[in-house]
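These notes concern the structure reproduced below.
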Amino acid sequence: MESDRSSQSNVNGEESCEADEGAADSSPFSFTVDDAKRALSDILSAFHNPQNATKLNEASTAAGDDMVKHMQLVFPMATDMQLDVITKYGFQKGGDGLIRFVQMIKAYEEDDPEIGQLFSQVKAMLMPPMLSAS
């Protein structure tokens, strides 16, 4: 099966990925390393936006240490916030777009520690706090 993502260097020597989003407009779009850094920073900014942070904190408090409740309350809210950001970078709004975004981020994080660090911060916002051993 042929991959729907290819990695290339652009005229500035910056690596970029092209993906066929499969939408009505099937032309590929370019998503560079710098785009990845900006998108991850934008996602973190969305999480820390006072209104969003309040909503996430309330949902997290309501979920407590219950992983299932966390997945029911916090995760969908955070996912919507991420989707609002990644659509600005050409990804489809929905699960397929988010999966494609994460695949591209994972490809980039292998070679760029800053992307790895930003992605770790995003993941930390999505996961419930772990219980410390008593």
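The values are calculated or read from the model by the stated rules, or taken from the named source; none is laboratory data. Being a predicted model, the structure only gives us computed values, none of them experimental. Virtual Cβ from ideal backbone geometry, glycine too; neighbours counted across all protein chains shown.
Anything in the stretch 58-74 that is under 18 Å from Lys123 (Cβ atoms) and free of Cβ contacts under 8 Å to residues at least 60 places away in the same chain? List them, or say none.
First pass over the stretch 58-74, keeping only residues under 18 Å from Lys123 (Cβ atoms): 59-60, 63, 67, 70-71, 73-74.
Answer for the stretch 58-74, where residues must be under 18 Å from Lys123 (Cβ atoms) and free of Cβ contacts under 8 Å to residues at least 60 places away in the same chain: Ala59, His70, Met71, Leu73, Val74.
Could you tell me how many of the residues in the stretch 90-120 are without any contact (Cβ under 8 Å) to a residue 24 or more places away in the chain and either on the phi > 0 side of the Ramachandran plot or assigned to a helix (DSSP H, G or I) (or both)?
Step one: list which residues in the stretch 90-120 are without any contact (Cβ under 8 Å) to a residue 24 or more places away in the chain, which gives 93-95, 98-99, 102, 106, 109-110, 113, 116-117, 120.
With either on the phi > 0 side of the Ramachandran plot or assigned to a helix (DSSP H, G or I) (or both) added as a condition, the list becomes 94-95, 98-99, 102, 106, 109, 113, 116-117, 120.
So the count comes out to 11.
State whether one or more residues within the stretch 51-65 are modelled with pLDDT under 95, outside any helix (DSSP H, G or I) and either surrounded by 18 or more Cβ atoms within 10 Å (Cβ to Cβ) or more than 16 Å from the chain's Cα centre (by Cα) (or both).
Yes, some residue in the stretch 51-65 is modelled with pLDDT under 95, outside any helix (DSSP H, G or I) and either surrounded by 18 or more Cβ atoms within 10 Å (Cβ to Cβ) or more than 16 Å from the chain's Cα centre (by Cα) (or both).
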